Every structure is written in structure tokens, then in C-alpha cells.
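First the structure, in the form of C-alpha cells, and then the observations on it.
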Amino acid sequence: MPTTGMRGGLGRTLLTAFLVLAIVPLSTISWYATQRERGDIQREVTAKLSFASVMMETQVRQWVENHRADLALLASLPDNQDRVRALIDNTADASTARDALRAQLQALLVQDAAWRHLAVRDGAGRVLVQTTDWERNGQTTDWERNGQTTDWERNGQTTDWERNGQSLQVSGLQYITIDASGEVELVAIQRITSPDDGTLGLLTGSLNLGELLQTMQAASGPGKTGEIYLVDDAGVALPQGRTVASPGITKALAGENSEGLYENYTGVPVIGVYRWMPELKLALVAEQAQEEAFATTDTVTAAVVGATLAVALVTAVIAAVVTQQITRPIVKLTESALRIAEGDLEQRVPVPSRDEIGILATVFNRMVAELKTLYDDLENKVAQRTRLLQEANYQIQRRAIQLATTVEVSQAATSILEPEQLLREVVLLVHDRFAYSYVGIYLLDDEGKWALLQEETGGGEWRMENGEWRLAAGKANNGLGKKRTIIPVEEGSAVGQAALTGRPSIVLWDKLATCPTTTRAEAALPLKMGDQVIGVLDILSTEAEEFDADAVSVLQNVANQITIALENARAYAVEREAARRLRELEQSKRRFLANMSHELRTPLTNIIGFSRLMLKGIDGPLTGQQYSDVEIIYRDGQHLLGMINDLLDLSHIEAGLMELEFREVNLADLIQSVMATTSALVRDKEIELRQEIAQNLPRVQADETRIREVLLRLLANAAKFTEQGAITVRCWCADEQVLVSVNDTGMGIAAEDRERIFERFEQGSLENGRRPDGAGLGVALSKEFVELHGGHIWVESEAGKGSTFTFTLPLRDE
């Protein structure tokens with residue numbers, strides 16, 4: 001619960017709001033003004049640097065063009081053209097021409113100190129005449145006074161910068177380094193032409209950039225930190241004479257003019273302008289330090305910050321005064337509300353004014369008065385609601401217990417299959433979980449006239465007899481008698497009523513008469529299976545209002561589950577008895593088959609043996625009719641013996657007594673042997689027997705006798721249902737197993753019979769609808785024998801186009 005410690009919280013909020021409303025706009029405006037000022041200064045400095053760079057670029061270009069014009073003037077003089085031609089042709093006046101050219105070159109050196117080296121060359125670049133800056137005063141070497149030339153001139157050698165691999169351009173400029181001291185020069189080249197515009201030679205001059213660089217140093221950029229300098233394409237700054245690098249210089253050397261905020265080659269933030277002069281292969285750089293450029297802006301920023309702090313201080317003082325005037329009555333109102341929250345409903349707030357706060361105080365006082373009135377009635381209402389809530393909680397808990405009991409009854413119904421045990425468990429569960437005084441279950445007799453008590457727990461039932469209450473038959477139990485074990489299905493009792501009508505019957509005992517027991521209500525719930533009543537769930541309770549609609553619904557669900565459980569238990573008992581009798585019948589059938597097969601084989605063997613002797617004439621000659629009759633006896637005896645043997649094999653398989661003798665079997669030899677036997681079956685038909693056996697067929701582990709029987713049965717069926725065409729036996733290996741198939745061109749098998757023929761005693765149907773001869777065990781036994789080997793058999797057939805029976809034998813280690 002908050003206390004008066006929250007005094008001033010609203011004041012701090014208002015004060016903070018005043019400060020924020022004052023400082024944030026001022027700070028925003030100040031920041032915008034500062035940024036605007038910095039932008040204006042940057043644009044101003046950039047404009048000054050751009051102007052200075054343009055002026056300096058113009059000055060550099062003018063300086064270069066003026067010196068190039070001096071060379072152009074010398075190269076265009078007709079006398080100089082004739083002299084160059086005389087030197088190239090080496091005429092008699094070549095020496096005079098050389099002296100005259102050297103004199104003009106020396107005069108140009110004296111006239112302009114920027115020239116350091118002048119030379120006249122032929123078209124191949126060899127020096128004809130040259131002079132250097134130390135000849136400005138007209139001095140010459142001894143060899144020059146004698147009209148001699150240097151050794152390298154005689155040999156047509158070039159200057160040292162030509163030795164470095166640099167070439168001469170025609171009528172252009174070239175920026176090069178000529179000595180180890182690092183001094184740089186600008187070479188100007190002017191073509192000396194003949195009257196027909198042919199090239200006689202070249203006039204070259206090396207310009208000393210020192211004068212130009214001194215001029216650039218003197219003409220520095222704006223401010224104390226302004227600087228203008230050149231950078232060659234190798235990144236060397238002039239006149240600094242050092243390698244420099246910065247984003248702006250990199251862009252300029254790449255041929256891109258730029259301007260903006262960068263860092264110079266020393267890492268100092270600057271405002272710079274960068275221009276590329278392609279004809280000179282130089283970048284012109286003009287920079288000024290940002291610290292100097294924005295110095296005025298920083299001063300303005302400091303002033304703005306100071307003003308902002310001053311305004312914040314003044315605002316805080318004004319806001320504190322205003323906040324105190326606003327929050328004082330609100331704090332009093334809050335303190336009164338806190339005391340009311342602690343239970344003091346006699347609190348009243350003074351009304352200081354007639355403004356909004358005064359109206360709030362008046363309304364608050366009225367609200368407190370009404371609250372006190374409501375609070376006086378609150379305890380009675382709380383007590384009443386608490387009692388109702390407790391009753392509701394009790395009912396909810398009871399319903400939860402009832403639902404949980406329903407689940408337990410359902411579990412018992414699904415897990416207990418003995419009727420007696422089931423009823424006993426259900427009675428105990430309902431009695432213990434629902435807390436009823438008595439629970440019993442009645443089942444109707446076969447005629448449905450009497451309800452017979454099967455299981456019960458708890459007290460008994462009082463009955464009105466001869467005008468007074470008496471306990472029903474049985475001894476007392478906790479003051480209650482035992483329920484009657486037999487109740488007629490008729491009106492007059494709750495159990496009889498429920499059994500008769502098939503609906504729940506609720507009886508309130510205290511409405512019948514004054515009852516000497518604590519039992520106040522009885523509920524009888526019918527156990528119904530469909531429309532048939534098979535019993536009644538009978539319950540007694542000490543609460544007169546126990547069996548409301550919800551309780552009856554829950555109990556009826558329990559009764560329904562008891563009914564289902566009883567029927568399941570009865571069905572299970574019937575099924576168990578039926579299974580027992582089926583097992584006995586199965587055992588009897590097996591014994592019958594074994595005994596009868598054994599008893600039949602002995603006389604059949606005698607019949608077959610003696611008939612065979614008679615057919616061979618050992619007992620004397622037979623007439624034709626006698627021979628035919630004995631032959632029928634012999635053939636039918638063989639057929640009957642085969643059926644008996646099949647039945648014996650079948651009984652052995654069912655009993656798990658069939659044993660196989662596995663050994664290594666050559667299927668190719670086995671198939672050839674079986675085909676030889678089958679040839680007798682098709683002797684009187686137009687049928688061709690074929691074999692298609694794969695090469696290198698592996699041997700298999702199998703019972704040779706049983707596999708032979710399978711092949712003979714399949715071939716016998718093929719011969720039986722094929723009148724003409726072919727019967728083909730194929731054998732091949734695939735997927736770690738050997739496959740054997742028997743294909744015929746007979747009548748085929750209908751689609752509905754393809755699965756049924758593998759069942760015992762089942763056969764297909766002929767075209768006329770009749771069943772073929774035989775017991776229907778041949779294919780079934782073949783299936784059993786193949787599956788005992790771990791294989792699988794199936795048929796593919798189409799009516800009228802023949803059939804193909806295929807079985808597999810797995811390849812296994814010995």
C-alpha cells in the first residue's frame with residue numbers, strides 16, 4: 001500500500017515535464033542552428049578553396065604555356081630551321097650553326113631562370129646542341145670553346161633521364177625526375193618543322209618547378225592552416241617532396257575532381273578541394289584544417305549550451321513554484337485517500353477553492369460518505385457470498401470426485417473381465433469415492449421378474465411394515481439393516497421401479513414418514529443395454545438433496561459403464577469358452593486326421609499292391625474287362641493315397657512337426673529330373689515342355705524332396721489345365737535369391753480365384769462353373785513348403801491366356 005512517501009512524485013513529474021518542454025526544443029533549435037552554421041562555413045571555405053585552386057591552376061597553366069611559347073618561338077625561326085638542317089646534314093657550316101643555336105639557347109636561359117636545360121635534337125632524339133643553367137653567364141668549357149662536343153654527343157648518346165627509359169613526346173609536356181637529389185622538372189618539347197611540315201628535329205627544355213612551387217607556397221590557402229600544393233601521379237607532394245595519401249588525393253589521381261571533408265596526408269581533418277590536371281599529370285590540392293574553419297561554430301555552440309543551461313535553471317525555478325501550487329491540494333487529497341484505504345472512513349478533505357481541484361475535493365468527500373454507507377453493508381454481503389462460495393466449492397469438489405470415480409470405474413470396466421470381481425470393485429469404488437451410506441448392484445433373472453442382489457457394501461434399508469418402520473432381513477450394520485437380496489420387478493420400491501420402467505427412480509425417505517435412520521434418500525439407476533434392463537444400481541444417502549439432476553446424470557453414466565463392463569465380461573467368458581472348445585475340436589481333428597490317415601494307409605497299401613500284382617498277371621491272366629476294372633482300382637487307390645499323404649503333411653505342418661532336411665541342391669539337375677517325370681503327363685496332348693535355366697546358377701540349401709514335390713504339383717496342375725501349347729520352366733537368380741517359375745498356356749485363373757487357390761481345400765472354377773477334380777491341397781501345400789524354406793510363392797494369370805506360378809528360395813550359408 002503506498003504511503004505519504006509518494007509526496008512530491010507528481011511535482012517531480014511536472015517539473016520534469018516543464019524542463020523537457022523547455023530544454024528539448026531549445027536544444028533541437030541549437031543543434032539545427034549549429035549544423036546549419038557548420039554547413040554554411042563548410043560551403044564558404046569550400047568556395048574559397050575552389051577559387052584559390054582555380055586561380056592557382058590557371059597560374060600554373062599560364063606559367064607552363066608561357067614557357068612553351070618561348071620554345072615555340074625559337075623552333076619557328078627560319079634561321080634556326082636552316083641551322084638544324086645543317087647540323088643534321090653535317091655541312092661545312094655545321095660548326096657555325098651549332099654556335100649560333102647554342103647562343104640562342106644561352107640567351108633563353110639568361111632571360112628566364114626557370115629553364116635549367118635546353119637542347120636541340122634530331123628526329124631520333126640524339127642531342128645536336130645543348131646548354132645547362134651553369135652556362136647562364138656565357139661561360140663555356142674548354143672543349144666548347146674549341147667547338148668540340150662531348151663524347152656522348154659524338155656517339156649519339158642521350159641524357160641521363162633518357163637512360164632511365166623515359167621517351168620524348170612530340171610537342172607536349174612530360175613530368176620526370178632527373179637526378180638523385182629528388183629534384184623534379186617539367187620537360188617541354190617543341191617540334192622543329194621544315195617548310196613542308198616535316199619534322200627536322202626537336203627543341204627540348206627542362207623547366208625548374210622551384211619557382212612555381214615557391215609561388216604556390218607564397219599563395220597559401222585561406223586561414224592560417226590553408227595549404228595549396230601539387231601531387232604527381234606517383235603520389236609525391238610538391239613542394240613537400242614526400243609521398244602522401246588521402247581519399248581526396250586518391251580520387252584526384254584517378255581523374256575525379258572532388259571536394260568535401262577529408263583527412264589530409266598527416267591525418268588532420270580538413271576541408272579540401274582536389275583537381276586533376278591531365279596535361280601536366282599533376283593533382284592540385286587546396287586544404288584547410290576543420291578545426292580552424294569551424295572555430296567560430298564551436299564558439300557559437302558553447303554559447304548556445306550556456307544559454308540552454310541558463311534557461312533550464314530559470315525554468316526549474318518557475319516550474320518548482322508552479323508545481324508546488326498545483327500539487328499541495330492533490331497531496332492532501334492523496335493522504336486522505338490513503339487513510340481511507342486503511343479503514344478510516346471519517347476522513348474529509350478541505351475545499352480550498354472553487355476551481356477544478358475544489359470540485360474534485362467536494363466529489364471526493366461525497367464519495368467517502370457513500371463508501372461508508374456501502375461498507376456498513378459489505379460485511380453481511382461478504383459473509384453471505386462466502387457461505388454460497390463454500391457450498392459451491394463443496395459441490396464442485398464432489399462433482400470432481402464423482403467424475404474421477406467415473407474414470408476409475410471405466411478403468412476397472414476395461415481391465416477386469418471376471419463379472420464377480422468387476423461388481424465387487426465397482427461397488428467399493430462408488431461407496432468410497434462418493435461417500436454414500438450404501439451401494440448395491442442387482443441383476444435381473446432370466447425371466448426379468450426378480451432383481452437379485454449380487455454385490456453390496458454399507459448399511460441396509462428400512463421398510464414400513466404393519467404401520468411401523470422395521471429393518472429388512474439381515475443383521476444391523478452401523479445402525480442400518482442389510483438390503484433384501486431379492487426384490488420383485490414392480491412398483492413399490494425404488495429398485496423395482498427402475499427395473500420396471502428403465503428410468504432412474506429417486507425416493508426421499510423423510511417425505512414418506514418419520515424414519516428412525518439417518519438415510520434420507522435412495523437412488524436406483526437402471527443398468528440398460530439398449531432397451532433391455534439387465535440390472536439396477538441401488539444407492540442410499542444421508543443427504544435428502546443429494547440426488548439432484550447432475551448427480552443422477554453422473555450416476556447414470558456410472559451405471560452405463562457398469563452395464564458395458566458386464567456385457568464385455570460376459571462376452572469375454574463366452575469367447576473364452578468358445579476358444580476352449582475350438583482348441584478341443586482342433587486337437588480332436590488333428591488326432592482324427594493322424595489316426596484315420598494311419599488306419600487308411602495300411603489297407604490302401606494292400607489294395608494298391610495286390611491290384612498292381614493282378615495287373616502284372618502274377619495271379620493269373622485277366623480278361624479285358626477285369627484288367628480295366630483293376631486298373632481303375634489301382635489308379636484311384638494311388639489318388640486316395642496321395643490325398644492321405646497330403647492330409648498327413650498338412651497335419652504335421654499345423655502341429656509344427658514338419659522337419660526339413662536341408663542340403664546343397666542343384667536346381668538345374670532337379671528341374672531336368674522333374675521334367676522327365678512330367679513328360680508322361682502330357683504324352684497324349686499337343687504340349688511342348690521347355691526349360692530356361694540361367695547359366696552358372698548357384699546351389700541352394702533346401703529339402704530336395706519337398707522342392708521336387710512343389711515342382712511336380714505345379715507341373716501337374718499346368719498339364720491338367722492345358723490342352724495344347726507349351727509348359728515352360730524358368731530358373732534364374734536375383735537379389736540374393738533363386739526364382740523358379742512354371743508357365744503354361746492353359747485356361748488361366750479368374751481374378752477372384754487367384755488368392756483363394758492358396759487356401760486349404762479351395763480350388764478355382766472351370767469355364768462351365770464346375771469345380772475341378774481334387775481336394776484343393778496341392779497349391780496350398782506348395783505354399784506351405786516354400787514358406788518353410790523362407791521363400792514366397794505367387795501367381796500371375798489372365799483368363800484364357802495361361803498362368804505363371806513363381807516361387808523363391810533364399811540363398812543362405814550352409
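So here's what we get for this one:
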{"quantity": "Test for Gly255: is it touching a strand residue (DSSP E or B) at 6+ places or on another chain (Cβ under 6 Å), small (Gly, Ala, Ser) and without any contact (Cβ under 8 Å) to a residue 24 or more places away in the chain", "calculated": "yes"}
{"quantity": "Conditions (1) in a helix (DSSP H, G or I); (2) modelled with pLDDT of 70 or more; number of the one not met by Leu213", "calculated": "(2)"}
{"quantity": "Every residue from the range 660-688 that is of a type outside the set (Ser, Thr, Tyr), in a helix (DSSP H, G or I) and touching a residue at least 12 places away in the same chain (Cβ under 8 Å)", "calculated": "Leu667, Ala668, Leu670, Ile671, Gln672, Val674, Met675"}
{"quantity": "Scope the range 609-659; condition assigned to a loop (DSSP other than H, G, I, E, B) and either charged (D, E, K, R) or assigned by TED's automatic domain parsing to the domain that holds Arg760 (or both); matching residues", "calculated": "Asp619, Glu659"}
{"quantity": "Single residue of the range 433-467 satisfying the filter (modelled with pLDDT of 80 or more and among the charged types (D, E, K, R)) that is nearest to Glu522 (Cα to Cα)", "calculated": "Glu456"}
{"quantity": "Residue pairs meeting the criteria (Cβ under 9 Å; at least 6 apart or on separate chains; first closer than 15 Å to Ala551 by Cα, in the range 423-446; second of a type in the set (Lys, Arg) and modelled with pLDDT under 90)", "calculated": "Phe434/Arg398; Ala435/Arg398"}
{"quantity": "Strands (runs of 3 or more DSSP E) contained entirely in the range 707-814, each with at least 2 residues that are under 21 Å from Arg683 (Cβ atoms) and modelled with pLDDT of 90 or more", "calculated": "724-734, 737-744"}
{"quantity": "Cross-chain or 6+ apart pairs with Cβ under 7 Å, the range 536-561 first and without any contact (Cβ under 8 Å) to a residue 60 or more places away in the chain, then surrounded by fewer than 20 Cβ atoms within 10 Å (Cβ to Cβ) and in a helix (DSSP H, G or I)", "calculated": "Ala544/Asp510"}
{"quantity": "Residues located in the range 663-681, provided they are of a type in the set (Val, Ile, Thr) and surrounded by 16 or more Cβ atoms within 10 Å (Cβ to Cβ)", "calculated": "Val665, Ile671, Val674, Thr678"}
{"quantity": "Count - residues of the range 272-299 that are surrounded by fewer than 16 Cβ atoms within 10 Å (Cβ to Cβ) and among the β-branched types (Val, Ile, Thr)", "calculated": "2"}
{"quantity": "In the range 644-668, the residues that are under 60 Å from the mean Cα position of the chain (by Cα) and acidic (Asp, Glu)", "calculated": "Asp649, Glu654, Glu659, Glu661, Glu664"}
{"quantity": "Contacts under 6 angstrom Cβ, first residue in the range 704-729 being in the same structural domain as Ile693 (by TED's automatic domain parsing), partner part of a strand (DSSP E or B) and surrounded by fewer than 17 Cβ atoms within 10 Å (Cβ to Cβ), 6 or more apart", "calculated": "Gln724/Glu686; Ala726/Glu688; Ala726/Arg690; Thr728/Arg690; Val729/Gln691"}
{"quantity": "Any hit, the range 218-232, residues being charged (D, E, K, R), touching a helix residue (DSSP H, G or I) at 6+ places or on another chain (Cβ under 8 Å) and at pLDDT below 85", "calculated": "yes"}
{"quantity": "Some residue of the range 564-572 being surrounded by 15 or more Cβ atoms within 10 Å (Cβ to Cβ), closer than 28 Å to Gln397 by Cβ and not aliphatic (A, V, I, L, M)", "calculated": "no"}
{"quantity": "Among (1) among the small types (Gly, Ala, Ser); (2) surrounded by 14 or more Cβ atoms within 10 Å (Cβ to Cβ); (3) modelled with pLDDT under 85 - the single one Ala97 does not satisfy", "calculated": "(3)"}
{"quantity": "Neighbours by Cβ (under 7 Å, 6+ apart or cross-chain): first from the range 94-110, of a type in the set (Ser, Thr, Tyr); second surrounded by fewer than 15 Cβ atoms within 10 Å (Cβ to Cβ) and modelled with pLDDT under 85", "calculated": "Ser95/Gly147"}
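The values are calculated or read from the model by the stated rules, or taken from the named source; none is laboratory data. If you're wondering where the values come from, they're calculated on a predicted model, not measured in any experiment. Methodologically, a virtual Cβ is constructed for each residue, glycine included, from the backbone with ideal geometry; neighbour enumeration extends over all protein chains shown.
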